[in-house]
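Here, each number is a calculation from the coordinates, and none is a lab measurement. No experiment lies behind these values; they were computed from the predicted model shown. We place every Cβ from the backbone using ideal geometry, glycine too, and count neighbours over all the protein chains shown.
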Amino acid sequence: MDEGKPRYRRILLKLSGEALMGEKPYGLDMDMVGRVAGEIAEAWRAGVQIGLVIGGGNIFRGVSDAAKGMERTSADYMGMLATVMNALAMENALKKAGVEARVMSAVPMPTVCEPFTRQRAWKHLDAGRVVLFAGGTGSPFFTTDSGAALKAAETKCEALLKATSVDGIYSDDPKVNPGAERFDTITYDEILARNLKVMDAAAVALARDNDIALVVFSIREEGALARVLRGEGTFTTVTP
């Protein structure tokens, strides 16, 4: 990130678990994990304080057949454990890239990683460590998007950057509807009113109510994170 200064001092980066699958049907593509870790490392070296939330869809997809017919609470806890596995893999990749990183879980498992406390998370971020928030909200019935918005609010992040497989927010799924309209900017209220499937409604409302900027971009484009942080490239910004 040589040109320009980052737009934000502290961000929460939300990655889908599927983004780490590469071309695999499920699981982790460690080459993809390493590439994403490199992009995070570049932002970190530019002085950006980074919190990270990774979904669990890539791992949960592999056990989804077993989860069918299960009680929702048990299935959700399985998903939370998947996010811990992803966070541990990314922590390892970040450390290999020379980045100081810590995993903190909302579901306490002290033999594996630190339990989440707001005060400790602040200390890690202020010390320049990337903090990987795992375990969602720690409660069932909430998505990892809600967990990301919650952690962004708790740690006073200036922006929530959602890294997806498409280059912004569309009026419909562009993979299904090639004529879907793409937005450069859109308001939180428009997202809720139009029921756009960007994040769940609770996450959108939480970001709106806490004045957290929301930026949606594609992580599949190499170097996209650095460009977005400089205000360059293709992305959608959600405004009040």
> So, in nm, how far is label Leu88 from label Ala46 when the simple model puts each one 7 Å beyond its Cα toward the Cβ?
Replying inline: 3.2
> Given +1 on the Cβ of Lys and Arg, -1 on the Cβ of Asp and Glu, and no further charges, what dipole in debye does region 1-55 carry about its Cα centre, rounded to the nearest 20?
Replying inline: 420
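Note the full-extension length gain between Ser139 and Asp211 as 0.36 nm times their separation in residues minus their Cα-Cα distance, in nm to one decimal.
Full-extension gain reported as 23.5 nm.
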> Which value, in debye to the nearest 20, describes the size of the charge dipole of the chain about its Cα centre when Lys and Arg Cβ atoms bear +1, Asp and Glu Cβ atoms bear -1, and nothing else is charged?
Replying inline: 640
> How big is the gap, in Å, between the Cα center of region 123-193 and the Cα center of region 194-221?
Replying inline: 4
>> Can you show me the helix-derived [θ] at 222 nm for the chain, built from DSSP H runs with n ≥ 4 at -39,500 (n - 2.57) apiece and divided by the number of residues, rounded to the nearest 500.
In response: -11000 deg cm²/dmol
> Most fluctuating residue of Lys151, Lys24, Lys95 in a GNM of the chain with Cα springs under 10 Å: which is it?
Replying inline: Lys24
> Hey, can you list the DSSP H helices of the chain whose Cα span along the axis is 30 Å or longer and whose average Kyte-Doolittle score is at least -0.5?
Replying inline: 72-96
